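Heads up, the thing below is written out as structure tokens.
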Amino acid sequence: MAKSYANIARTKFDQNAEVDFLIIGAGASGGIIAKELATAGFRVVALEQGPYLSEKDFVHDEFKFMQQRAITNDYKRQPNTFRHSEKEEAKVQPAIIYGRLVGGGSVPFAANYWRLHEIDFIERSKLGPIAGTGFSDWPITYAELEPYYTKAEWDLGVSGAPGPFDSPRSRPYPLPPLPIKSSGVLAERAARKLGWHAQPAPMAILSKPYRGRSACAHCGFCSYFGCEMEAKSSTLTTVIREAEKTGRCEIRPNSYVRQIEVNKAGLVTGVTYFDENRKERFQAAKAVVLSANGAETPKLLLMSKSSKFPHGLANSSGKVGKYLMFNGHANAGAVFEQQLNEFKSVAVSRIIHDFYNCDPKRGFYGGGGLDTRFVQYPLGFAIRGLPPDAPRWGREYKRMLAEQYTRTLTVLCHTTSLAVESNNITLDPHVKDEWGLPAVRVTYTDHASDLKMMQFLQDRAKELLDAAGARKVWARPVGPQSFGFHLLGTCRMGNDPKESVIDKDHRTHDVPNLFISDGSSMVTSGRGQPTCTIQALAYRASDRIVQLAKSGEIKSAL
Amino acid sequence: MGSKTISRRRFFIESCAGVSSAWLLSNVLDIPFAQEHAHQAALSPTPTKLEFLSPEQAAEIEAIAAQIIPTDETPGAREARVIYFIDRALATFASDDRPAVMKGLDDLQSRVRKRFKNSGKFSELKSKQQIEVLKSIEKGSFFELIRTMTVCGMFADPSYGGNYNEIGWKMVGFSDDFAFEPPFGFYDQESEAK
Ligand SMILES: Cc1cc2nc3c(=O)[nH]c(=O)nc-3n(C[C@H](O)[C@H](O)[C@H](O)COP(=O)(O)OP(=O)(O)OC[C@H]3O[C@@H](n4cnc5c(N)ncnc54)[C@H](O)[C@@H]3O)c2cc1C
């Protein structure tokens, strides 16, 4: 429990001294890299723009965490703009969401923790090119990443059991699946009828006590909330504490990096950031690891222009910010005769991967997974949780709210997004944030195949709900997305420096002492739930970086 | 801020108009809030006082809220003290919405006066007449705003001033517990029993 960590002496380095590694963003990836590098003996500073919170801050308050966005990015202080295509003028509107605190998205995430499959890494060679896209193979295979998937699952604590479509694993899950919910039982029943397979959902939440942390108490406040039990395996609750215990890692919160600095030789020397009083400071480092997520990482590179790097740092390929992938999301809803009480316990207990692979017979590219859940707290439910044809006020509205809150179920469909160059992150030319830095501008239109895949899976979702015996099933029309939880692909990994931003060691092609590891590294989107892969990559990147450093390949640029 | 400022109100309205799939929605609702304020009032033993609205305005808004979530066999918006939530919202975080609310109330008054040839007070109409009036404005932004505020006042944590005695939560069958044990619902219980 928290007590054992409360009293650890926090390391604070002299801010004028050079550290070995500076990590930008103490999120899902940055937290892991901090621990791995500090454990390997290096002096590490992680600069995080958000606050350093702890379990006592994670109260059950829908209004505060969902409506006021207490731990996710705040659109008033850091607005984004959105447009569907380059031809449009981007409008100020919420277009991305991420955890903005020490621990990043691993704190508010729902903790669905899917590995990619072997096919995800080599799909382009299996299927051939797709015109108008940057569809590519990864420069690494599933087999190369597998040890790091295992490491992530064991180091952080993941509950689950392998399913029939999973790729091979070298070790079982460290913890058994969490208890099945009504949504899971219905998924199993319906899948059996349809000849599909419902498997236990892999969740980064403890089903049993693990390494001094307590098991999940099923309070139901996971998605958007931090876990007050330490049962959700966020980096805040796990690796970040271990990093600090080495005495070689300082986590510096409320530190918003605005520029990565380089010298005449084109090497990184450190970063300039705003401290909590908005005072500009410089922190020197021998090498920098950028882990600020798929939106903020490209933003920072694009802002870090210099005479040597006129188009932004590490951007000789022009691919920084390009190939943004959100994953596709569709859903279908239903009401059942009896109470499910989905507000209790973790979000998901069963998933369905029968449609994971691309099937040429469908006539379009794509694959995906389904899960059954109903993550709605009462306020959100009353605003938009009833079927679309329900009244919006009055006696009948009230009656339906009362009857259906505990009886509603949705099937969420998580699908592929193709890498399309015109889907991207750029700097908004007009809108600035509270610090005077340019707003993230998102340009995004789902590829035609992505939309077809969402539609295909939404149709399966309706079948599933019918087969489960729902009293009423509905679905809102599938359409182009304008909002992303998954921020992927914007500094993609590859062997060709003209086509990618980082190499397979996560080192930028252009700057030998600048590394990037986070959602931006992904080459394809997978079928949703990217964080398991993002974190496996972070473990692998750390290993590669340690090896390079130990072989003397990373020298101080000063 | 930069050359464009963000309209809080726009988020508020857009979130209700519904932009993307349901599970994305709740996080684009923009309601920053003066919490401390709310906490104080919620803890205060004396009857809550209006801070922004006049009693007449409050009566009109409360009458609308009471049609949105009516009192029938079970308590509704009135008993959940939604009006105090709304008043505090207008006094604090939603001050940008004051002009819209005031204009909405004025329009409502002229509409009522014209239709029923009375003083124009919505709250003095019979329930049937109120419903008729609301049906004529239910597509507009004023109604949408009051609906959103009513729902927030009904279901946000009681410490914000509404949802008195957890009336809203009890109504839908939600409970905020530190821990639950399986079985959680009917179907998992049923399958466990087999
Ligand atoms: C509500 C919600 C539910 C989700 N559920 C799931 C799920 O069930 N399964 C799943 O796989 N994924 C889920 N996700 C997505 C998941 O959170 C992300 O995929 C994951 O956190 C990305 O990891 P990352 O390391 O790329 O970035 P992040 O975890 O976002 O970390 C980046 C960190 O860098 C910080 N930062 C950014 N810019 C700067 C700067 N300039 N200076 C200093 N610090 C900076 C950020 O504040 C942040 O802490 C969910 C996300 C949300 C918001």
- prompt: Which of the residues that make up region A:96-121 are more than 13 Å from the ligand (Cβ to nearest atom) and part of a loop (DSSP other than H, G, I, E, B)?
  reply: A:His117
- prompt: Does region A:485-501 hold any residues that are away from the ligand (no atom under 14 Å from the Cβ) and of a type outside the set (A, V, I, L, M, F, W, C), and which are they?
  reply: A:Gly494, A:Asn495, A:Asp496, A:Pro497, A:Lys498, A:Glu499, A:Ser500
- prompt: Has region A:88-98 got any residue that is acidic (Asp, Glu), out of contact with any helix residue (DSSP H, G or I) (no Cβ under 8 Å at 6 or more places or on another chain) and away from chain B (no Cβ under 14 Å)?
  reply: yes
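State yes or no: is B:Lys170 among the basic types (Lys, Arg) and assigned to a loop (DSSP other than H, G, I, E, B)?
Working: among the basic types (Lys, Arg): yes; assigned to a loop (DSSP other than H, G, I, E, B): no.
When the stated conditions are applied, B:Lys170 does not pass them.
Can you name every residue in region A:174-198 that is outside any loop (DSSP other than H, G, I, E, B), within 14 Å of chain B (Cβ to nearest Cβ) and among the charged types (D, E, K, R)?
Kept after step one, since they are outside any loop (DSSP other than H, G, I, E, B), are these residues of region A:174-198: A:175, A:182-194, A:198.
Filter again for within 14 Å of chain B (Cβ to nearest Cβ), leaving A:182-192, A:198.
Across region A:174-198, the qualifying residues are A:Glu188, A:Arg189, A:Arg192.
Mind listing just one residue for me: the one in region B:87-127 that is of a type in the set (Val, Ile, Thr) and in contact with a Leu (Cβ under 8 Å, 6 or more places away or on another chain) and, of those, nearest to B:Ser54 (Cα to Cα)?
Pass one, region B:87-127, residues of a type in the set (Val, Ile, Thr): B:92, B:101, B:112.
Narrowing the set further to residues that are in contact with a Leu (Cβ under 8 Å, 6 or more places away or on another chain) leaves B:101, B:112.
Numbers: B:Val101: 13, B:Val112: 19 Å.
So, considering only residues that are of a type in the set (Val, Ile, Thr) and in contact with a Leu (Cβ under 8 Å, 6 or more places away or on another chain), the one nearest to B:Ser54 (Cα to Cα) is B:Val101.
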- request: Return yes or no: is A:Glu188 within 22 Å of the chain's Cα centre (by Cα) and touching a residue at least 12 places away in the same chain (Cβ under 8 Å)?
  value: no
task: Please work out if A:Val473 is more than 16 Å from the ligand (Cβ to nearest atom) and under 23 Å from the mean Cα position of the chain (by Cα).
output: no
field: Those residues of region B:140-152 which are farther than 22 Å from A:Phe381 by Cβ and either outside any helix (DSSP H, G or I) or within 12 Å of chain A (Cβ to nearest Cβ) (or both), in sequence order
entry: B:Gly140
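Just a yes or no: is a residue in region A:515-535 touching a residue at least 60 places away in the same chain (Cβ under 8 Å) and more than 17 Å from the chain's Cα centre (by Cα)? Give the derivation first.
Step one: filter region A:515-535 for residues touching a residue at least 60 places away in the same chain (Cβ under 8 Å), giving A:515-520, A:522-535.
Next, only the ones that are more than 17 Å from the chain's Cα centre (by Cα) stay: A:515.
Yes, region A:515-535 contains a residue that is touching a residue at least 60 places away in the same chain (Cβ under 8 Å) and more than 17 Å from the chain's Cα centre (by Cα).
Quick one: which strands (runs of 3 or more DSSP E) sit completely within region A:354-439 and have at least 2 residues that are farther than 30 Å from A:Lys305 by Cα, more than 10 Å from chain B (Cβ to nearest Cβ) and at pLDDT 95 or above? Before you say what the answer is, go through the steps one by one.
Details: elements: A:368-373, A:408-415, A:424-432.
The qualifying strands (runs of 3 or more DSSP E) are A:368-373, A:408-415.
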statement: Of those in region A:43-74 that are within 13 Å of the ligand (Cβ to nearest atom) and among the hydroxyl-bearing types (Ser, Thr, Tyr), the residue surrounded by the most Cβ atoms within 10 Å (Cβ to Cβ) is A:Thr72
statement: Selection over region A:158-176 where residues are touching a helix residue (DSSP H, G or I) at 6+ places or on another chain (Cβ under 9 Å) and within 12 Å of A:Ile351 (Cβ to Cβ) yields a count of 1
- line: Scanning region A:200-224 for residues that are within 16 Å of the ligand (Cβ to nearest atom) and away from chain B (no Cβ under 12 Å) gives A:Pro200, A:Ala201, A:Pro202, A:Met203, A:Ala204, A:Ile205, A:Leu206, A:Cys222
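The values are calculated or read from the model by the stated rules, or taken from the named source; none is laboratory data. None of the values given here were measured: they were computed from a predicted structure. Neighbour counts are summed over all protein chains in view; Cβ atoms, including those assigned to glycine, are modelled from backbone coordinates with ideal geometry.
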